[in-house]
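Undergrad: After the structure tokens below, expect a handful of questions from me.
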Ligand code: PCA
């Protein structure tokens with residue numbers, strides 16, 4: 001199983017997704033070999049790097065992680081959309097406005113990981129979690145869309161999805177004002193739940209399973 005996480009961005013010293021993924025991927029998992037891909041917060045480069053890792057590692061599952069600092073819960077993302085509009089430049093200074101992620105690509109792709117089951121498993125463990133219907137218009141959505149598009153285009157039989165994590169407590173208290181944060185143990189438990197659920201059989205109530213499904217309007 002390939003797990004990806006992002007470097008810090010927006011002037012931060014750490015990224016909650018990378019801090020958490022490093023801890024979880026160092027542990028032995030009874031049913032999977034976890035490989036971590038650390039990605040730049042840079043348009044195109046992040047997706048190229050992860051697609052290269054997918055081609056090298058040939059995983060069964062790709063779990064992409066990112067930080068969404070102001071969110072109040074851990075949020076499995078339902079859908080990647082073919083739109084980008086960056087509120088702040090990425091780490092290489094790119095700032096596309098009102099652009100498609102892939103020209104002439106489909107409007108979106110559903111996650112092929114069981115997002116509802118993931119959120120439910122996290123909630124059972126006492127972790128605030130809910131399915132999100134938008135991964136935003138920044139780098140996380142860019143990566144998610146590009147990966148799903150690659151898998152669909154090349155008929156790669158890999159299940160993939162994205163989970164956004166809130167800030168860690170220590171980021172929330174670093175002078176950014178009134179923002180929420182979670183304990184490291186909470187985020188690692190959430191990611192372990194996401195991994196376990198992704199490896200289990202799929203929930204029929206979820207949008208999952210049979211290769212990337214395009215979103216049509
Ligand atoms: N979060 C940003 C990009 C990198 C990250 O961790 C996002 O939500 O787009």
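Undergrad: Can you spot a residue in the stretch 107-118 that is surrounded by fewer than 17 Cβ atoms within 10 Å (Cβ to Cβ) and either more than 17 Å from the chain's Cα centre (by Cα) or farther than 19 Å from residue 50 by Cβ (or both)?
TA: Yes, the conditions are met somewhere in the stretch 107-118.
Undergrad: Related question: Tell me which of these residue 43 doesn't satisfy, since it passes every other one: (1) closer than 24 Å to residue 2 by Cβ; (2) more than 12 Å from the ligand (Cβ to nearest atom); (3) crowded, with 18+ Cβ neighbours inside 10 Å.
TA: (2)
Undergrad: Please state which of the following conditions residue 72 fails to meet, knowing it meets all the rest: (1) assigned to a loop (DSSP other than H, G, I, E, B); (2) within 13 Å of the ligand (Cβ to nearest atom).
TA: Of everything listed in (1) assigned to a loop (DSSP other than H, G, I, E, B); (2) within 13 Å of the ligand (Cβ to nearest atom), residue 72 misses just condition (2).
Undergrad: Still on this structure, please answer the following. Considering only the stretch 11-38, state which residues are part of a loop (DSSP other than H, G, I, E, B), within 16 Å of the ligand (Cβ to nearest atom) and surrounded by fewer than 19 Cβ atoms within 10 Å (Cβ to Cβ).
TA: To start, the set of residues in the stretch 11-38 that are part of a loop (DSSP other than H, G, I, E, B) comprises 11-15, 27-34.
From the residues that got through so far, the ones that are within 16 Å of the ligand (Cβ to nearest atom) too are 11-15.
Within the stretch 11-38, 11, 12, 13, 14 qualify.
Undergrad: Further question on the same structure: Does residue 43 meet the test of being outside any strand (DSSP E or B), in contact with a strand residue (DSSP E or B) (Cβ under 8 Å, 6 or more places away or on another chain) and more than 24 Å from residue 215 (Cα to Cα)?
TA: Against the criterion (outside any strand (DSSP E or B), in contact with a strand residue (DSSP E or B) (Cβ under 8 Å, 6 or more places away or on another chain) and more than 24 Å from residue 215 (Cα to Cα)), residue 43 does not qualify.
Undergrad: Tell me which residues, restricted to the stretch 70-93, are touching a helix residue (DSSP H, G or I) at 6+ places or on another chain (Cβ under 7 Å) and in contact (Cβ under 8 Å) with a residue 60 or more places away in the chain.
TA: 74, 76, 77, 78, 80, 81, 82, 90
Undergrad: Here's something else I'd like to know. On the given criteria, is residue 67 surrounded by fewer than 19 Cβ atoms within 10 Å (Cβ to Cβ), closer than 18 Å to residue 184 by Cα, within 13 Å of the ligand (Cβ to nearest atom) and within 14 Å of the chain's Cα centre (by Cα)?
TA: Considered against the rule, which asks whether it is surrounded by fewer than 19 Cβ atoms within 10 Å (Cβ to Cβ), closer than 18 Å to residue 184 by Cα, within 13 Å of the ligand (Cβ to nearest atom) and within 14 Å of the chain's Cα centre (by Cα), residue 67 comes out as no.
Undergrad: A further question on this structure: Might you let me know whether the stretch 145-157 holds any residue that is within 17 Å of residue 46 (Cβ to Cβ) and surrounded by fewer than 20 Cβ atoms within 10 Å (Cβ to Cβ)?
TA: no
Undergrad: Can you tell me which residues in the stretch 1-10 are surrounded by fewer than 23 Cβ atoms within 10 Å (Cβ to Cβ) and near the ligand (Cβ under 10 Å from one of its atoms)? Step through it out loud before you land on a result.
TA: Within the stretch 1-10, the subset surrounded by fewer than 23 Cβ atoms within 10 Å (Cβ to Cβ) is 1, 7-10.
Of everything in the stretch 1-10, those that are surrounded by fewer than 23 Cβ atoms within 10 Å (Cβ to Cβ) and near the ligand (Cβ under 10 Å from one of its atoms) turn out to be 7, 8, 9, 10.
Undergrad: A further question follows. Hey, does the stretch 51-62 have a residue that's free of Cβ contacts under 8 Å to residues at least 24 places away in the same chain, surrounded by fewer than 19 Cβ atoms within 10 Å (Cβ to Cβ) and within 12 Å of the ligand (Cβ to nearest atom)?
TA: No, there is no match, as no residue in the stretch 51-62 is free of Cβ contacts under 8 Å to residues at least 24 places away in the same chain, surrounded by fewer than 19 Cβ atoms within 10 Å (Cβ to Cβ) and within 12 Å of the ligand (Cβ to nearest atom).
Here, each number is a calculation from the coordinates, and none is a lab measurement. All values reported here derive from a predicted model rather than from experimental measurement. In this analysis, Cβ positions are derived from the backbone assuming ideal geometry, glycine residues included, and neighbour counts consider all displayed protein chains.
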